[in-house]
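Worksheet for the structure shown next.
The values are calculated or read from the model by the stated rules, or taken from the named source; none is laboratory data. The structure presented is a predicted model; accordingly, all values stated were derived computationally and were not measured. Backbone-built Cβ (ideal geometry, glycine too); neighbour counts: all protein chains shown. Quick note on the areas: whole protein, heavy atoms, side chains included, nothing else; ligands and nucleic acids left out. Shrake-Rupley method; radii C 1.70, N 1.55, O 1.52, S 1.80 Å.
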Amino acid sequence: MTAKPETATSVMMVTLSYRARCAEAGCKNLARQLLRYADAGGRPISHPVLCHAHASSNVARDKAAGLKVYDDREAK
């Protein structure tokens, strides 16, 4: 599970433009998404890079916790 402070109020999903490994412990998949967590003032808190499976599960958990989720994957 990716550690993030409890003060996050929003998360933005971004597609990676570089190669990286998923940040989840034990996962060897190629990371394809960046989740940018921000506090109430919009300041970034953390930005884990994750594979599709872990990003989807984290976003579902964040929605259930009441965080605002912004999808910026199609912005380009």
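Scanning segment 16-41 for residues that are out of contact with any strand residue (DSSP E or B) (no Cβ under 8 Å at 6 or more places or on another chain) and among the small types (Gly, Ala, Ser) gives Ser17, Ala25, Gly26, Ala40, Gly41.
Only one entry of Val14, Val59 meets the criterion of being of a type in the set (Val, Ile, Thr), modelled with pLDDT of 90 or more and part of a strand (DSSP E or B), and that entry is Val14. Among residues of segment 17-35 that are modelled with pLDDT under 90, none has a Cβ under 6 angstrom from a residue that is assigned to a strand (DSSP E or B) at a sequence gap of 6+ or on a separate chain. Restricting to segment 32-44, name every residue that is more than 11 Å from the chain's Cα centre (by Cα) and open to solvent by less than 60 Å² (accessible area, probe 1.4 Å). Once the filter is applied, which keeps residues that are more than 11 Å from the chain's Cα centre (by Cα) and open to solvent by less than 60 Å² (accessible area, probe 1.4 Å), segment 32-44 yields Asp39, Gly41, Gly42. Beta carbons closer than 8 Å, at least 6 apart along the sequence or on distinct chains, pair a first residue in segment 37-55 that is of a type in the set (Gly, Ala, Ser) with a second that is open to solvent by 90 Å² or more (accessible area, probe 1.4 Å) and not in a strand (DSSP E or B) for Ala40/Thr7; Ala55/Arg32. Considered as a group, the residues in segment 54-76 that are surrounded by 13 or more Cβ atoms within 10 Å (Cβ to Cβ) and among the small types (Gly, Ala, Ser) include one that is nearest to Arg21 (Cα to Cα), and that residue is Ala55. Annotation note: of Ala64, Ala23, the sole residue that is over 11 Å from the mean Cα position of the chain (by Cα) and small (Gly, Ala, Ser) is Ala64.
Number of residues in segment 39-56 that are part of a loop (DSSP other than H, G, I, E, B) and over 17 Å from Thr15 (Cα atoms) equals 5.
Does Ala25 satisfy the condition of being touching a Ser or Thr at 6+ places or on another chain (Cβ under 6 Å) and either open to solvent by 60 Å² or more (accessible area, probe 1.4 Å) or not in a strand (DSSP E or B) (or both)? Taking the combined requirement at face value, the residue does not satisfy it.
Restricting attention to segment 28-37, the residues being in a strand (DSSP E or B) and either in contact with a Lys or Arg (Cβ under 9 Å, 6 or more places away or on another chain) or farther than 18 Å from Thr9 by Cα (or both) number 4. Residues in segment 26-76 that are within 15 Å of Thr7 (Cα to Cα) and among the hydroxyl-bearing types (Ser, Thr, Tyr): Tyr37, Ser46.
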